[in-house]
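Step one of this worksheet: look at the structure below.
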Amino acid sequence: MSPTTTAIMGMIFLFLLMALRMPVSFAMILAGFMGNAYMISTDAAIYMLATNVWGQLSSYGLSVIPLFVFMGQLAYHSGITERLYNAAYKWVGRLPGGLASTTILSSAGFAAICGSNSATSATMGTIALPEMERYGYDPALSTGSVAIGGTLGVVIPPSVVLIIIAVQTEQSIAQLFMACIVPGFFLTALFLATVFLLCIRNPGLGPKGPMADMKEKLISLTGVAEAMILFLLVIGGLYAGWFTPTEAGAAGSFGALLIGLVRRKLSKQEFVKAVAETIRISAMVVLLITGAVIFGKFLTVTRLPFELADWAASLNVPREAILLVVLLIYLVGGCLVDALGFLVVTIPIFFPLAQALGFHPVWFTVVITLVTTMGAVTPPVGVNVYIVSGLAPNVPIGTIFRGVSIFLVAYVICLALLMIFPGMALLLPKALL
């Protein structure tokens, strides 16, 4: 077979393994190993497997992942999340759809110290769903707001997905974090506007909550202050050049630990749980990156990414048309398989293509992150939706998907504005240089 045919067969084999429910990381390792063995030799494939696994597991750059995950876990087990929700509820709970808005706002706050969409959905769902049920919220709106709010865990930095892309494409983690700040908070504003407009039109969807006086509102801000301190410590330290990304993760983890100890909310048992979850999540992410590197080397040997880039660059069509096709592939792929897994599989193919077409790598990363994130809430494989379904077993899965679909318009608007005004993503990274 020709190298191009071999690459296509390798990708078909990979997606077949994923369809058979093999973990994405193992599927990429197996498909990449077999592809390298066919293209080069078995001995070379074994050597590449050994060196890449050791290289990833011993990489200093990847130490940033467990540190940011640990910060999020400590924040959750220290009760920061619950205090964030309480503060948001005091300030916006009285508005139409106030509890749904509270859920989205507190999801954005937790995302700023967590970095995971599934963790954000699970955490906020545990707190918010019983409250919205108690106040008679429409099930589609309540579950939809939890699931869509969870997607902010990927968009708002620090984001584990952005770290993975940075490692794969050899970009600056700090620049990618900065690039997602404006789009992330703009997307949050669009979600809030969606809730407000829905509940103005039909107040029965999200009844108003009780009024809080100014004293209660001001007292509640202590919960916001904790999350804001952590966010400014991490992102502000990166922006000012005080920390490397790894040091920022360490500083954030220490800050979250200190808050938990000072408030006496972090027991020994909760600390052990935070450590155990950090180990589990970090091992999954590092294995995912290892598989992506091995499969990416196989694609590099076949030269498929470069041939695809050369072919696209030679087409007599606007580069924006090619970009729309790529984004459609990401959207459909994120709907059919695990969104994060699809992202790491396709980065070696489409990132060289984007560079050949002249798109800014940071801007392209932000755009595909947003598109892939939509896969976390779109059928049939919407991981956030299934997490929320587990927390609200009395709500049909179709109802949750219907509730989420209302918010997808916000994603489309945000993506359209990013394409019209690339400065939304590039302004802060350029200031960092």
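The values are calculated or read from the model by the stated rules, or taken from the named source; none is laboratory data. Just so it is clear, the model here is predicted, and its values are computed rather than measured. Don't worry about glycine lacking a Cβ; one is built from the backbone with ideal geometry, like all the others, and counts go over all protein chains shown. These area figures cover heavy atoms from the full protein model, side chains too; ligands, DNA and RNA do not enter into them. Shrake-Rupley method; radii C 1.70, N 1.55, O 1.52, S 1.80 Å.
Is at least one residue of region 114-131 open to solvent by less than 10 Å² (accessible area, probe 1.4 Å), within 22 Å of T246 (Cβ to Cβ) and part of a helix (DSSP H, G or I)? No: zero hits.
If the condition is being open to solvent by 70 Å² or more (accessible area, probe 1.4 Å) and assigned to a helix (DSSP H, G or I), then region 301-326 contributes F306, E307, D310, W311, S314, R319, E320, L324, V325. Residue-level check: of (1) modelled with pLDDT of 80 or more; (2) open to solvent by 30 Å² or more (accessible area, probe 1.4 Å); (3) of a type in the set (G, A, S), G255 misses just (2). Yes or no: S121 polar (S, T, N, Q), within 20 Å of F186 (Cα to Cα) and in contact with a Leu (Cβ under 9 Å, 6 or more places away or on another chain)? Criteria met by S121.
Listed by position, the helices (runs of 4 or more DSSP H) enclosed by region 195-289 that each have at least 1 residues that are under 30 Å from G403 (Cα atoms) are 214-231.
Meeting the requirement of 2 or more residues that are in contact (Cβ under 8 Å) with a residue 60 or more places away in the chain, polar (S, T, N, Q) and crowded, with 17+ Cβ neighbours inside 10 Å, the helices (runs of 4 or more DSSP H) wholly within region 1-101 are 24-39, 42-57. Screening region 155-177 for residues that are under 12 Å from the mean Cα position of the chain (by Cα) and open to solvent by 10 Å² or more (accessible area, probe 1.4 Å) and picking the one that is nearest to I235 (Cα to Cα) gives V160. For region 208-221, the criterion of being open to solvent by less than 50 Å² (accessible area, probe 1.4 Å), free of Cβ contacts under 8 Å to residues at least 12 places away in the same chain, of a type outside the set (D, E, K, R) and out of contact with any Asp or Glu (no Cβ under 6 Å at 6 or more places or on another chain) is met by no residue. Scanning region 102-113 for residues that are in a helix (DSSP H, G or I), open to solvent by less than 20 Å² (accessible area, probe 1.4 Å) and among the hydrophobic types (A, V, I, L, M, F, W, C) returns I104, A108, F110, A111. Contact map, region 245-256: residues that are touching a residue at least 60 places away in the same chain (Cβ under 8 Å) paired with residues that are surrounded by fewer than 19 Cβ atoms within 10 Å (Cβ to Cβ), Cβ distance under 6 Å, separation 6+ or inter-chain. Pairs shown: T246/S63; A248/G237.
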